[in-house]
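*Asks:* This structure is in structure tokens; I'll ask about it shortly.
The values are calculated or read from the model by the stated rules, or taken from the named source; none is laboratory data. Note that the structure is a prediction, hence the values are computed from the model and not measured. All Cβ positions, even for glycine, are placed from backbone atoms using ideal geometry, and neighbour counts span all protein chains on display. Accessible surface is based on the protein model in full, side chains and every heavy atom, while ligands, DNA and RNA are left aside. Shrake-Rupley method; radii C 1.70, N 1.55, O 1.52, S 1.80 Å.
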Amino acid sequence: MTSIWKNNRAALIIVALTVVILGGIIQTMEPKVWVSIMLSGATLASLYFLVASGLSLIFGLMDVLNFAHGVLFVLGAYVGLSTFLNPRLLFNTLPIFFVLIASIMMSQHLGRAFWSRITDTRTRRIATVVLLAAAVGLVLLALRGFPMRALNAFNITAVGGLVTTANAQDPLALMLRRLLLLALGGVPLGLLLSPAERPEEVSLRPVWQTALIAGTSALIGILLLVWRDSGEVWMLALSPDVRFILALIMGTVAGALGGVAIETGLIRPFYGNPVTQLVLTLGLSIAGIDLIEAMWGEEANPPMPTPSLFNESCRSDSIIGWFSEHCQSVDVVGRAFPTYRLFIILVGVLVFIGVGLMLRRTRLGMIIRAGVQDSEMVQALGINVRRVFTMVFALGSALAAMGGVIAAPYLGVFPAMGSIFQLQAFIAVVIGGMGSFIGAAVGTVILGMARAFGDHFVAAGIDLPFLDTVIKGSPAIARASTVLIMAIVLLVKPSGIFGKKE
Amino acid sequence: MTTAPHNILEVRNIQTFIGQFHILDGVSVDVPDGSITVLLGRNGAGKTTTLKSILGLTPPRAGQVVFNGREIQGRPAYRTAAQGIGYVPEHRAIFRDLSVAENLRIAERKPGDLARREEFIFGLFPDLKRLIRLPGGNLSGGQQQMLAVARALVPENELLLIDEPSEGLAPVVIEQMMEAIRRLSAHTTVLLVEQNFIMASRLADRYTIIETGRSIHSGLMADLVHDEATIQRYLGAAA
């Protein structure tokens with residue numbers, strides 16, 4: 001037992017300090033005030049956590065700081081929103097990605113043979129420029145005049161007044177022509193993404209497997225397109241609750257696929273070259289948001305509707321009452337609190353438990369924990385650590401995207417919605433300790449609480465018993481509080497509360 | 001019938017670069033089946049890199065690594081390891097946050113490996129049995145070294161690459177370690193890196209001396225121990 005104390009001394013001290021400070025603050029407030037502040041903090045913490053946990057695992061295992069993690073959060077929110085309200089957008093745009101990715105995958109696989117034939121550096125450079133021009137040209141040509149704005153039309157599939165589906169989308173023949181051009185454009189892109197110098201960095205999957213995956217991807221894309229009209233009708237006829245669940249699934253899956261695409265396309269060819277990886281994810285964090293704006297428009301969207309469980313305009317007396325009444329808000333020690341936010345907290349807790357159990361109880365989890373410490377040694381034991389990298393990247397991305405979907409009814413959906421979560425998640429991970437799952441959880445809770453109490457401090461001020469006037473903080477203090485906490489923690493323990501890496 | 005003993009591993013003239021540094025410039029090592037072969041040489045000569053190049057952790061740019069008659073250079077390390085090569089790295093590389101039991105279980109290549117080998121492993125290292133629930137990071141240096149060797153014994157490996165098993169250990173523990181390696185070598189071939197010449201000479205059947213990235217001398221350990229000139233010249237203070 002002494003060892004637990006020894007190993008986590010800093011962690012226990014910081015947690016104890018936090019509890020004392022929180023206790024002190026709470027002393028000056030009525031229960032109904034601090035309970036609702038803490039619930040607001042927990043709501044934020046839950047969303048921070050969904051972003052931070054993946055960020056932390058990815059950094060811990062692969063030493064990759066994924067600056068594009070916030071993009072995945074936004075992606076999840078938009079895909080969720082479109083699944084819920086605007087399925088025709090998905091039916092018309094998803095095929096583009098499925099076909100493009102299929103083509104890139106196939107050509108990336110064959111790219112090794114291509115580059116090994118060109119040994120001359122000068123020729124290689126020329127080939128790179130030509131391929132880049134061809135890729136950009138073909139993709140632009142394929143998407144020329146694509147009716148993005150009409151498809152968007154306020155992010156709602158028309159039932160009358162707005163742009164109707166028939167007017168919004170391109171005829172099938174034109175879409176198929178676009179897909180063909182995209183498939184051609186994917187070839188030079190795949191060649192460009194195929195690492196010439198380090199063939200051992202690419203998985204040694206047999207070619208038929210790549211062909212199978214790429215073929216399935218292309219087939220899904222084409223089927224989605226062919227069935228777009230009936231698919232749209234079917235989806236809009238579903239009840240809002242089913243659509244919410246569908247939105248959650250679609251958003252999460254989109255995040256996972258996005259993660260796999262980022263890891264295999266941008267990160268994997270550059271392991272051992274962290275600066276390149278950093279610059280690539282940083283670039284993607286900007287380009288990704290631009291892509292999202294290109295697809296869904298720059299305007300902010302109203303919050304996504306919530307499922308009927310949280311929709312009745314009433315106030316339940318207790319959680320038990322809410323089960324039967326499905327009220328928007330519930331009475332918590334005398335104050336109304338939105339029930340949907342309780343759902344957000346619940347999702348965070350469930351993810352914490354679920355992923356925590358996975359890490360503790362499964363072989364995959366054991367490999368991840370070992371890999372966080374020494375991935376080379378895991379590899380030397382005969383374990384394909386690269387495959388685990390991809391899985392963890394997919395998992396982390398999926399969690400962030402899921403966070404985006406469940407945040408959509410709470411925050412609304414807009415292109416910049418991810419940046420604040422990305423930043424706070426980074427701070428939380430630094431506070432908790434890079435690579436520590438528990439650390440990510442503790443860090444996000446500290447930040448969520450700091451933010452909620454900080455906002456309260458700004459709005460209501462603190463009424464200290466020995467002072468006549470109420471002290472009010474400036475909004476800047478509330479925002480800076482998280483960075484201040486980070487600075488203090490780093491001074492006490494530079495590797496973060498639960499951190500083991502430097 | 002072949003007259004020469006069968007070599008389970010043949011390293012042929014490998015060239016390894018780490019970044020821009022040319023670390024190995026022609027290393028060849030033969031490891032006969034069932035032997036203990038030791039790589040000798042001064043600090044920084046390239047002994048550790050030789051082990052890592054065999055496994056594929058630092059893939060050689062040229063030359064061959066032949067394991068059980070098949071060329072394995074250029075394959076990813078996890079595949080090479082899964083062919084039956086166990087690795088006990090310098091500084092042990094124990095997973096500090098994993099318990100001793102987990103450190104062993106993670107090395108399983110198929111379910112039940114640990115159960116099958118448990119008796120053998122705990123026979124060699126009885127101490128590990130009572131430490132089984134502790135985190136690897138709480139073990140002493142000697143215990144960690146035992147765990148690192150035990151971990152390499154969990155799957156049925158035909159060859160063990162052991163890097164500096166005596167480093168930083170107390171003399172009593174070094175004796176235990178030597179005894180364990182001698183006993184396990186009845187089951188597997190061992191390629192050892194060892195700075196401690198006394199330990200190396202008592203354990204090994206064969207040796208290869210590596211100097212500034214080249215293998216320059218190899219033969220039977222029994223001959224080397226009488227060859228004062230070679231020991232002085234290439235191993236200097238180590239002898």
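*Asks:* Output the number of the condition that residue B:140 fails; it satisfies all remaining conditions of (1) of a type in the set (Ser, Thr, Tyr); (2) farther than 28 Å from residue B:62 by Cα; (3) modelled with pLDDT of 90 or more.
*Replies:* With respect to (1) of a type in the set (Ser, Thr, Tyr); (2) farther than 28 Å from residue B:62 by Cα; (3) modelled with pLDDT of 90 or more, residue B:140 is out only on (3).
*Asks:* Select from segment B:90-125 the residues that are at the interface with another protein chain (Cβ under 8 Å from one of its Cβ atoms) and open to solvent by 10 Å² or more (accessible area, probe 1.4 Å) and list them in ascending order.
*Replies:* B:93, B:96, B:97, B:102, B:105, B:109
*Asks:* Another question, then. Quick one: which of A:348, A:354 is without any contact (Cβ under 8 Å) to a residue 12 or more places away in the chain and open to solvent by less than 50 Å² (accessible area, probe 1.4 Å)?
*Replies:* Details: A:348 fails: without any contact (Cβ under 8 Å) to a residue 12 or more places away in the chain.
Result of the check over A:348, A:354: A:354.
*Asks:* Of all residues in segment A:358-373, which are within 7 Å of chain B (Cβ to nearest Cβ) and at pLDDT 90 or above?
*Replies:* First, the residues of segment A:358-373 that are within 7 Å of chain B (Cβ to nearest Cβ): A:366-367, A:369-370, A:373.
Selection gives A:366, A:367, A:369, A:370.
*Asks:* Related question: Considering only segment B:29-55, how many residues are away from every other protein chain (no Cβ under 14 Å) and either open to solvent by less than 30 Å² (accessible area, probe 1.4 Å) or more than 19 Å from residue B:196 (Cβ to Cβ) (or both)? Let's see the steps before the verdict.
*Replies:* Taking segment B:29-55 and keeping what is away from every other protein chain (no Cβ under 14 Å), we get B:29-47, B:50.
From the residues that got through so far, the ones that are either open to solvent by less than 30 Å² (accessible area, probe 1.4 Å) or more than 19 Å from residue B:196 (Cβ to Cβ) (or both) too are B:29-41, B:45-47, B:50.
The number of residues fulfilling the criteria is 17.
*Asks:* Can we say residue A:317 is open to solvent by 40 Å² or more (accessible area, probe 1.4 Å), out of contact with any Leu (no Cβ under 9 Å at 6 or more places or on another chain) and under 19 Å from residue A:401 (Cβ atoms)?
*Replies:* no
*Asks:* Is one or more of the residues making up segment A:324-337 exposed (fewer than 15 other Cβ atoms within 10 Å of the Cβ), free of Cβ contacts under 8 Å to residues at least 12 places away in the same chain and either within 14 Å of chain B (Cβ to nearest Cβ) or under 18 Å from residue A:407 (Cα atoms) (or both)?
*Replies:* no
*Asks:* Among the residues of segment A:384-397, what is the count of those that are within 11 Å of another protein chain (Cβ to nearest Cβ) and either open to solvent by less than 20 Å² (accessible area, probe 1.4 Å) or assigned to a helix (DSSP H, G or I) (or both)?
*Replies:* 4
*Asks:* Could you say which residue among B:66, B:11 is crowded, with 19+ Cβ neighbours inside 10 Å, in contact with a strand residue (DSSP E or B) (Cβ under 8 Å, 6 or more places away or on another chain), more than 13 Å from chain A (Cβ to nearest Cβ) and farther than 18 Å from residue A:383 by Cβ?
*Replies:* From the options B:66, B:11, the qualifying one is B:11.
*Asks:* Give the residue that is nearest to residue A:227 (Cα to Cα), with candidates limited to residues of segment A:127-168 that are modelled with pLDDT of 85 or more and not in a helix (DSSP H, G or I).
*Replies:* The residue in question is A:146.
*Asks:* With B:16, B:58, B:80 as the choices, which residue is open to solvent by 10 Å² or more (accessible area, probe 1.4 Å) and either within 14 Å of chain A (Cβ to nearest Cβ) or within 23 Å of residue B:197 (Cα to Cα) (or both)?
*Replies:* From the options B:16, B:58, B:80, the qualifying one is B:58.
*Asks:* Between a residue in segment A:299-319 that is farther than 15 Å from residue A:82 by Cα and any residue that is part of a loop (DSSP other than H, G, I, E, B), which pairs come within a Cβ distance under 6 Å, given they are 6 or more apart or on different chains?
*Replies:* Within 6 Å, the pairs are A:309/A:326; A:312/A:326.
*Asks:* Report, by residue number, each residue of segment A:214-240 that is acidic (Asp, Glu) and open to solvent by 50 Å² or more (accessible area, probe 1.4 Å).
*Replies:* Correct list: A:229 only.
*Asks:* Could you check segment B:132-183 and list, in sequence order, the residues that are more than 12 Å from chain A (Cβ to nearest Cβ), touching a helix residue (DSSP H, G or I) at 6+ places or on another chain (Cβ under 7 Å), closer than 20 Å to residue B:101 by Cβ and free of Cβ contacts under 8 Å to residues at least 40 places away in the same chain?
*Replies:* Hits for segment B:132-183 are B:132, B:142, B:143, B:146.
*Asks:* Filtering segment B:185-202 down to residues that are crowded, with 22+ Cβ neighbours inside 10 Å and among the hydrophobic types (A, V, I, L, M, F, W, C), which residue is farthest from residue B:40 (Cα to Cα)?
*Replies:* The selected residue is B:190.
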